[in-house]
Amino acid sequence: METDREPTAVAPDQGAGDAGGRHRQRKWLAIAALVIVVLAGLVVWRLTALTRDSQSTRARLAGQSQPVGVATIGTRDIRIILNQLGTVTPIATVTVQPQLSGQLMEIGFTEGQIVHRGDFLAQIDPRPYQVALSQYQAQMIRDQAILRQAETDLERYHELQKRDSIAKQTVDDQEWLVKQAEGTVRLDEAQVNAQKLNLIYCHITSPVTGRVGLRQVDVGNYVQSNSPNGLVVVAELRPISVIFTVPEDAVPAVLQQFNGGKPLQVVVFDRANVKQLATGTLGAIDTQVDTTTGTVKMRAMFENADNVLYPQQFVNVRLLVNVLHNVVATPSAAVQYGSSGPFVYLIAADNTVSVRPVQLGTQDGDWIAVNGGVAVGDRVVIDGADQLRNGAHVTIRDDNVPAGGDAGTSQKGSADGHRGQSGQPAGQSHHPRAGGDDSRHQPKDQGQQ
């Protein structure tokens, strides 16, 4: 009986161990809950602080008056300009080739020299052709004598035939001999003329007026008529042309002006698009669209009196298609771009601003035509719009732009209009400025509520 009671002696120790484990588990749960409550409190405190800071900032901004630059909407002339890339192309580029073979005896030009049509360029040894000319001239003299003898005999036979003193067959044969002699003489004349032409070809002259390039062969070399490089290249520089391409969508507007007989002005600038090189007119339009690029080639003509345009030179081309007169325009600095499109900050009579969406037209330098949204006389913000929001109060600075731009502004628009012309047709949407942040210029009442 005592042996059966011994196992029951350890049961109280096992129950105590289970109770201790449950106690430790409850302790860790309490600690975890406390940590969660503390973290939640910190998050709520931080969010409350940020909210107070944001409200304080908005209140401070609302109470301040933001100084801004202002322009007044007016009317002005807006130019429709197409900006394209072009290549200077001579009206004529001639590779001077020898038209016969022979030794080059003399060069009559200096590399880079301006030559006129007919000026002497080179001389090929004419002596072989002079000898050939003398030979054919002598042969022609002999054949002319044979012809004269045959004609004399024919006249004599005709007299004998009248007295029935000669057979008719003899007379007929003599007539054919005269014909043969005439053919021989004509052949001799052609050969003589050919040798005279060869002598002319030995004296090589410029076919056009222009600038000669680098000579391709030196004196003493034997040249041939099938030489791949020729003797020299002559490029006509005055006048000269610039070939450029225009998108096919813009071609109808150009054709309307060009076919109406209106001269379209073309201005070219250097590779950096900074320095104006020359002013000319549109001369010709190609007859087909390049299907690979969707463009049409056009040629502009320039007098190039100062030789500033050089063959194969890369230039920036600005084609003035049309001028829109007295259209409502705003300075481009007043236009902001947001998710809803372009807009301006319109200034009310109490110097508070409101967001006004606008419909833009063609841009000409620092001015953009406005097809809707603002009217003549409206005041818009052109500087200091970064911190503005709908309903903000502003202070007008003194450096404001009057309606339509003053004389200085108009001149600046005409001069700077050569930089950054959009060339878009009226009513076509404009893209945001390169590198701009659309979100920064969103209307405060539309994108930052």
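The values are calculated or read from the model by the stated rules, or taken from the named source; none is laboratory data. Computed from a prediction, not measured in an experiment: that's the story for all the values here. All Cβ positions, even for glycine, are placed from backbone atoms using ideal geometry, and neighbour counts span all protein chains on display.
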Check LYS297, LYS262 and return the single one that is free of Cβ contacts under 8 Å to residues at least 60 places away in the same chain, part of a strand (DSSP E or B) and charged (D, E, K, R).
LYS297
Determine whether segment 266-280 contains at least one residue that is within 30 Å of GLN99 (Cβ to Cβ) and part of a loop (DSSP other than H, G, I, E, B).
no
Which residue is farthest from LEU231 (Cα to Cα), if the candidates are limited to segment 89-102 and must be small (Gly, Ala, Ser) and surrounded by fewer than 20 Cβ atoms within 10 Å (Cβ to Cβ)?
ALA92
Of the residues in segment 370-391, those that are in a strand (DSSP E or B) and more than 35 Å from the chain's Cα centre (by Cα) number 1
Could you tell me how many of the residues in segment 328-355 are surrounded by fewer than 18 Cβ atoms within 10 Å (Cβ to Cβ) and either part of a strand (DSSP E or B) or hydroxyl-bearing (Ser, Thr, Tyr) (or both)?
5
Inside segment 302-327, can you point out the residues that are β-branched (Val, Ile, Thr) and part of a strand (DSSP E or B)?
VAL315, VAL317, VAL321, VAL323, VAL327
Please state which one of THR209, THR184, THR205, THR170 is within 30 Å of SER101 (Cβ to Cβ) and in contact with a helix residue (DSSP H, G or I) (Cβ under 8 Å, 6 or more places away or on another chain).
THR184
Has segment 241-259 got any residue that is assigned to a loop (DSSP other than H, G, I, E, B) and not basic (Lys, Arg)?
no
Is it true that some residue in segment 213-233 is within 42 Å of the chain's Cα centre (by Cα) and in a helix (DSSP H, G or I)?
no
Just for segment 40-96: of the residues that are closer than 30 Å to ALA235 by Cβ and among the small types (Gly, Ala, Ser), which one is modelled with the highest pLDDT?
GLY86
Quick check: is even one residue across segment 171-188 of a type in the set (D, E, K, R) and within 30 Å of ALA92 (Cα to Cα)?
no
Criterion: under 34 Å from the mean Cα position of the chain (by Cα), in a loop (DSSP other than H, G, I, E, B) and either at pLDDT below 90 or not assigned by TED's automatic domain parsing to the domain that holds VAL254 (or both) - qualifying residue of SER422, SER410, SER414
SER422
Check on MET105, touching a residue at least 40 places away in the same chain (Cβ under 8 Å) and surrounded by 15 or more Cβ atoms within 10 Å (Cβ to Cβ):
no
Are there any pairs with C-beta distances below 9 angstrom linking a residue in segment 271-282 that is closer than 13 Å to VAL308 by Cβ and in contact (Cβ under 8 Å) with a residue 60 or more places away in the chain to a residue that is of a type in the set (Asp, Glu) and assigned to a loop (DSSP other than H, G, I, E, B), with the two at least 6 apart or on different chains, and if so which?
GLN276/ASP270
Take ARG238 and tell me if it is touching a Phe, Trp or Tyr at 6+ places or on another chain (Cβ under 8 Å), in contact (Cβ under 8 Å) with a residue 40 or more places away in the chain and part of a loop (DSSP other than H, G, I, E, B).
no
Within segment 163-177, is even one residue without any contact (Cβ under 8 Å) to a residue 24 or more places away in the chain and at positive phi?
yes
